[in-house]
Amino acid sequence: MNTKQVAISIIVVALLGSGIWWYLSEPITENSIVPEPVLEPVPEPIVVEPKSEPVLEPVIEPIPEPRSKPVPEPIVMEPVVEPIPEPIVEPIPEPIVEPVDEPEPEESGPRIIITLPFDPQSTLPNGMMPMGETVHHEAEFGGHAGIDFQWVNPDEPPKFYSSAEGEIVELVQDGNDWRIVLFHTGYDNKYYTKYNVGSYNTELEVGDVVEKFTFLGIVPSPHPEDNMFGTHWEFGLACAEYRNGELVEECRFGLHGPRLCPLTYFDEDSLILIETIWETAKYKEKDQFPLICNLAYEGLDAEALANVDLQNVEDFVLRSNSFEDEERIPIRFTCDGIDISPHLEWIGAPSGTVSFALEMHDPDAPRSGGWTHWIVFDIGPEVTSVEVDSVPEGGKEARNSFGRTPYGGPCPPSGTHRYVFKIYALDIELGSVSSLQDLHNKIEGHIIAEAKLTGLYSRR
């Protein structure tokens, strides 16, 4: 009960108390007896508590914490332990002995095959200038590397085509003409071909890889008044470096390094055609070039030229399509490659030959007497060549320094070694041969003619 209710109760009690006191204090007479008034019961006043706003304690809503992305529990991963590499133990070098095993090749590729840079079905050149410096020595009358082709009064301007698939690394204006250089990779060496054209195929640009026999441009006309067209074409090993069509590094011995005789790289049809053209060439200094490439094509060097009678068919020559004399043997024919025998061909065998004997020997091996790689004997007199990875038809093989009969390729322990191939034209058959020394003993006094071809090799 609150204070208001208490106050009202006190007032009611007081009023009732006053009435009772007055009644008891009056004298009671008969007349004075007044009937007790019937008092209506005074209802206790209903005190309606005024509705008042309840006194509410201020509700302080909790300030929500800023909602943020739940932070995932860190994922604890097992530490990745890098395996500790085993220490590289340098193998103890074995004694220097020519290895017998044939390791997998580190690098190898086919020998490049090129075609003539013009369409043999169209008008052929009716004049061809000889090659000069192609084989590392200058011609007496100022020859130059490559071939000059001439067309006199052709029905239409002749066209130049790419000799092999390659990338265009240079396409620049050279005077009134244009020079296009292609690099050819993926072979046993990097090669280049260079073409001079009067106008070029404008669909081409530096960086394009063109297929073999792609049209490059029109042969220039240095003497248009005579309707004469002519151009220079070049082939060789590449050691120059190009970037974005510009030469940034020249070779030590010239723009593209060693010149090669393209005849040893031509396909068969091109080889026959160019020899036919050469036979009819009317170049006034032609006599200084009895054969194209200053005789390198036939395996002869400059010093041998003066001693060769080209009319004598008995001049005996050994050559190869796989490499040139005094040049590096491609890796595929060595122990660092697939270790197969190269192509060999001998020309001008003398009459009276009964059999041929063939040897391959390394005189620079660190062993007394050198190292013999291949011996084949009793080759028939009608045989004139041996293909790659083959034995001359009918020939018999003798044991080499590896202790086996098949060919064993170059595998020098250090430095550059010479590998000398020799072919002997003999007036007898040998029947059997047990070693190189045995071969030399048996052919003594029976050699009608001999020829040699030297290849070089060093391990990188």
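With respect to residue 205, is the statement that it is without any contact (Cβ under 8 Å) to a residue 40 or more places away in the chain, more than 18 Å from residue 147 (Cα to Cα) and either assigned to a loop (DSSP other than H, G, I, E, B) or under 16 Å from the mean Cα position of the chain (by Cα) (or both) true? In short, yes. Candidates in region 372-406 are the residues that are at pLDDT 95 or above and of a type in the set (Phe, Trp, Tyr); of these, the one that is farthest from the chain's Cα centre (by Cα) is 377. Can you say whether residue 337 is buried (at least 19 other Cβ atoms within 10 Å of the Cβ), modelled with pLDDT under 75 and not hydroxyl-bearing (Ser, Thr, Tyr), as far as the supplied structure shows? So residue 337 does not fit the description; no. Filtering region 367-417 to residues that are in a strand (DSSP E or B) and either in contact with a Lys or Arg (Cβ under 6 Å, 6 or more places away or on another chain) or within 22 Å of residue 338 (Cβ to Cβ) (or both) leaves 371, 372, 373, 374, 375, 376, 377, 378, 385, 386, 397, 417.
Yes or no, residue by residue, for (1) at pLDDT 60 or above; (2) among the β-branched types (Val, Ile, Thr); (3) in a strand (DSSP E or B):
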| site | (1), (2), (3) |
| --- | --- |
| 234 | yes, no, yes |
| 248 | yes, yes, yes |
| 256 | no, no, no |
| 263 | yes, no, no |
| 269 | yes, no, no |
| 272 | yes, yes, no |
| 275 | yes, no, no |
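The single residue among 434, 458, 414, 390 that is out of contact with any strand residue (DSSP E or B) (no Cβ under 8 Å at 6 or more places or on another chain), of a type in the set (Ser, Thr, Tyr) and either closer than 21 Å to residue 322 by Cα or not assigned by TED's automatic domain parsing to the domain that holds residue 367 (or both) turns out to be 390. Every listed requirement among (1) in contact (Cβ under 8 Å) with a residue 12 or more places away in the chain; (2) farther than 30 Å from residue 336 by Cα is met by residue 190 save one, (2).
Scanning region 268-279 for residues that are touching a residue at least 60 places away in the same chain (Cβ under 8 Å) and surrounded by fewer than 15 Cβ atoms within 10 Å (Cβ to Cβ) turns up just one, 269. Kindly indicate whether any position in region 170-185 is under 15 Å from residue 263 (Cα atoms), at pLDDT 90 or above and not hydroxyl-bearing (Ser, Thr, Tyr). No, region 170-185 contains no residue that is under 15 Å from residue 263 (Cα atoms), at pLDDT 90 or above and not hydroxyl-bearing (Ser, Thr, Tyr).
In region 220-232, the residue that is farthest from residue 118 (Cα to Cα) out of those that are part of a loop (DSSP other than H, G, I, E, B) and in contact (Cβ under 8 Å) with a residue 60 or more places away in the chain is 227. Taking region 433-449 as the range and being in contact with a Gly (Cβ under 9 Å, 6 or more places away or on another chain) and outside any helix (DSSP H, G or I) as the test, the residues that pass are 448, 449.
Select, from 375, 340, the only residue that is among the aliphatic types (A, V, I, L, M), within 24 Å of residue 265 (Cα to Cα) and touching a helix residue (DSSP H, G or I) at 6+ places or on another chain (Cβ under 7 Å). Spell out how you get there, then give the answer.
On the way: 375 fails: within 24 Å of residue 265 (Cα to Cα).
The unique qualifying residue is 340.
Among the criteria (1) of a type outside the set (Val, Ile, Thr); (2) under 25 Å from residue 316 (Cα atoms); (3) touching a helix residue (DSSP H, G or I) at 6+ places or on another chain (Cβ under 9 Å), the one residue 370 does not fulfil is (2). Beta carbons closer than 6 Å, at least 6 apart along the sequence or on distinct chains, pair a first residue in region 358-387 that is surrounded by fewer than 22 Cβ atoms within 10 Å (Cβ to Cβ) with a second that is in a strand (DSSP E or B) and of a type in the set (Asp, Glu) for 370/362; 385/345.
The values are calculated or read from the model by the stated rules, or taken from the named source; none is laboratory data. Just so it is clear, the structure is predicted and the values come from calculations on it, not from any experiment. So basically every Cβ, Gly included, is an ideal-geometry build from the backbone, and we count neighbours across all protein chains shown.
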